[in-house]
Amino acid sequence: MPSEQTAEAEVEMTDGFHLVIDALRLNGIENIYTVPGIPITDLGRLAQASGMRVISFRHEQNAGNAAAIAGFLNKAPGVCLTVSAPGFLNGLVALANATTNCFPMILISGSSEREVVDLQQGDYEEMDQLAVAKTLCKASFRVLHAADIGIGIARAIRAAVSGRPGGVYLDLPAKLLGQVITAEAGAQSLVKVIDPAPAQIPGPSAVERALDVLRGAKKPLIILGKGAAYAQADDDIRALVEKSGIPYIPMSMAKGLLPDLHPQCAAAARSTVLLESDVVMLIGARLNWLLSHGKGKQWGAPGSKKFIQIDIEPREMDSNVEIAAPLVGDIGSCVAALLKGMGDNWQAPPAAWTDSINAKKESNIARMATRLGKNSNPMDYHSALRVLRDVIKERPEAILVNEGANTLDQARGVVDMYRPRKRLDVGTWGVMGIGMGFAVAATVETGNPVLAIVGDSAFGFSGMEIETICRYNLPVCIVVFNNDGIYRGDGVNLSGGTDPAITMFVPGARYDKMIEGFGGVGVNATTPDELKQAVDAAMASGRPTLINAVIDPKAGTESGNIGNLNPKSALAAKK
Ligand code: ADP
Ligand code: TZD
Ligand code: MG
């Protein structure tokens with residue numbers, strides 16, 4: 001008969017570290033974006049040992065942005081893992097941004113023990129993280145017992161992806177990770193989340209109402225938003241657009257859901273269609289500032305439009321204007337229901353409408369072609385973007401990451417996208433700093449190459465991650481649009497003093513030299529030809545590359561296309 005001691009030794013044990021990893025993997029999460037440190041270093045190590053891909057960043061905000069965009073690309077939560085207080089706070093910006101953009105992500109942070117935090121006894125990196133996170137994300141949870149890790153992760157996953165997707169915070173106190181339970185109890189405690197984002201079927205009367213409004217339209221318009229890209233209902237969305245014959249415009253990250261050169265794409269006649277349409281069907285796009293809240297000058301006379309809105313979030317309806325036909329449900333189900341309800345004899349919109357849009361498109365495209373054709377020296381945005389447009393045309397599988405002000409607005413307008421979810425950018429907040437985190441995750445999650453077009457200011461927010469890109473040898477080509485500053489490189493210090501203007505950077509800076517320090521390829525490009533050659537070489541080789549594209553400091557405008565949002569000082573006129 002074995003002694004009690006041997007019997008105990010034979011019982012297989014597990015601990016918090018392993019349970020977290022097992023719970024994630026059981027639910028198909030195979031990548032973690034992190035910055036290591038107390039108390040989560042071993043969690044990252046063991047995750048890597050288990051076969052997960054663990055990408056170790058230089059700053060948590062970038063790891064968080066990587067997790068967020070992984071969530072967008074996969075329709076499943078991306079995971080960011082950080083240390084306590086400061087690491088958690090660094091990651092929190094990305095978590096809040098993910099929530100704002102409706103990207104599913106889970107921020108997992110190590111934390112101090114409750115008893116120390118609650119008595120404010122001054123632990124190493126002490127903070128009541130759960131309380132801080134609560135207001136900045138969709139849901140937040142803390143796990144105190146190893147046997148609850150499975151449930152904690154299941155709740156986090158379901159909260160992130162069900163309904164309107166968003167960010168979830170999961171608090172893991174240090175002691176939890178070391179807690180030991182039997183492997184059998186551990187295995188039983190894990191939860192595989194069944195149907196984490198259940199279909200939400202729209203009501204039949206809501207579908208009929210939407211079709212009625214659509215049938216009554218003389219000048220209908222469809223607006224595709226990033227929710228439509230996220231939904232991965234690509235074929236049905238395309239079928240709906242084509243069967244209806246309705247012109248559409250893609251919001252920034254919905255570009256490529258249908259190829260931008262699709263004959264029904266009215267992006268080149270955007271102002272005309274917003275102004276003149278009589279029925280607008282929003283598919284996964286909010287009527288927020290990006291669409292001037294659905295009212296005002298851009299939208300024509302008050303009451304001149306009827307809106308149909310497809311969204312999974314019922315409270316989104318009527319957020320800015322009355323929605324004549326709210327269609328609440330998941331986009332896949334809603335679009336399928338519309339397609340079915342349209343039957344076989346759907347009337348295309350009146351030719352007067354589509355003809356007038358096409359005429360406007362043609363003249364705008366011709367005007368753009370003239371601008372793109374110029375070979376200005378130094379390069380302006382258009383001459384540089386012309387070649388990058390060609391790069392994406394030749395390599396439509398490449399993922400474009402884009403941030404900046406002019407660099408963002410001009411690239412969005414010039415670079416056509418051909419495939420869904422290939423354009424990733426600053427999103428709803430217009431936030432700077434997503435660049436390198438998005439670039440890393442885009443290629444890690446898909447295996448596709450990345451072309452990052454970033455302003456010199458934008459790049460600075462996450463630029464240190466070029467080391468990460470080199471370390472993991474990722475096929476990322478970064479083109480820094482270097483115009484010596486924020487918006488423009490010719491800012492003036494109004495005091496007349498010797499400090500540089502606040503929008504200025506070191507003139508003639510050489511960002512390409514930075515990546516050389518990490519073994520990547522650096523190129524200084526002063527002409528469109530040099531730029532094209534360098535990008536082609538980068539895309540062909542897959543080597544981490546940073547191209548310093550020298551842009552005329554005078555080419556940009558204040559805040560790019562949204563200068564009108566700057567408040568004006570009543571006194572400034574005197575200057
Ligand atoms: P854009 O910035 O491209 O206009 P928004 O981020 O404003 O897009 O809007 C995206 C919308 O899509 C959100 O209101 C969100 O609730 C919705 N959404 C996200 N995923 C789905 C889905 N699977 N089904 C329906 N609506 C969705
Ligand atoms: N901080 C954060 C986090 N997000 C922001 N959007 C800003 C500051 C303000 N901001 C913009 O809105 S664009 C921008 C800043 C600092 C940089 C623009 O300069 P750039 O691009 O070099 O990236 P261009 O081509 O010079 O316009
Ligand atoms: Mg700039």
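The values are calculated or read from the model by the stated rules, or taken from the named source; none is laboratory data. These figures come from a predicted structure and were not determined experimentally. Cβ: placed from backbone, ideal geometry, glycine included. Neighbour counts: every protein chain shown. With ligands, DNA and RNA removed, areas are computed over all heavy atoms of the protein, side chains included. Shrake-Rupley method; radii C 1.70, N 1.55, O 1.52, S 1.80 Å.
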Hey, could you get me the Stokes-Einstein D for the chain, Kirkwood radius over alpha-carbon pairs, 20 °C and 1.002 mPa s, rounded to whole µm² s⁻¹? 84
Work out Dmax and Rg for the stretch 8-189 from the C-alpha atoms and quote the Rg first, both in angstrom. 15.1, 50
Taking N as the residue count of the stretch 204-359, its alpha carbon Rg divided by 2.2 N^0.38 Å gives 0.93
Taking +1 at the Cβ of each Lys and Arg and -1 at the Cβ of each Asp and Glu, which of LEU338, VAL93, ILE194 sits farthest along the dipole of the chain towards its positive end, judged by Cα position relative to the Cα centre? LEU338
Once the Cα atoms of helix 234-244 and of the chain are each reduced to a long axis, what angle between those two axes, in degrees from 0 to 90 to the nearest 10, is obtained? 30
Taking a cut-off of 15 Å between Cα atoms, list the aspartates and glutamates near LYS393, but don't count ones fewer than 8 places away on the same chain. ASP260, ASP416, ASP536
Can you tell me the orientation of helix 435-446 relative to the chain, as the angle in degrees between its alpha-carbon axis and the longest Cα principal axis, to the nearest 10? 70
Expressed as a whole percentage, what fraction of the accessible surface of the stretch 11-80 belongs to carbon and sulfur atoms when a 1.4 Å probe is rolled over the protein heavy atoms? 50
Counting only C-alpha contacts under 8 Å and six or more residues apart, can you give the relative contact order of the stretch 8-189 as a whole percent? 26
Per residue, how much accessible surface does the stretch 204-359 expose to a 1.4 Å probe? Answer in Å², no decimals. 40
For helix 204-215, what angle does its Cα long axis make with the longest principal axis of the chain, in degrees from 0 to 90 and rounded to 10? 20
Which net charge results when you count Lys and Arg as +1 and Asp and Glu as -1 among the other residues whose beta-carbon is under 14 Å from that of PRO204? 0
Return the FRET efficiency for the residue pair GLU113, ILE38: r is the Cβ-Cβ distance, R0 is 22 Å, and the value is rounded to the nearest 0.05. 0.95
Can you check what the net charge comes to around PHE103, using other residues whose Cβ is under 11 Å from the Cβ of PHE103 (Lys, Arg +1; Asp, Glu -1)? +4
Considering only the other residues whose Cβ falls under 9 Å of the Cβ of VAL116, what net charge follows from Lys and Arg at +1 and Asp and Glu at -1? -4
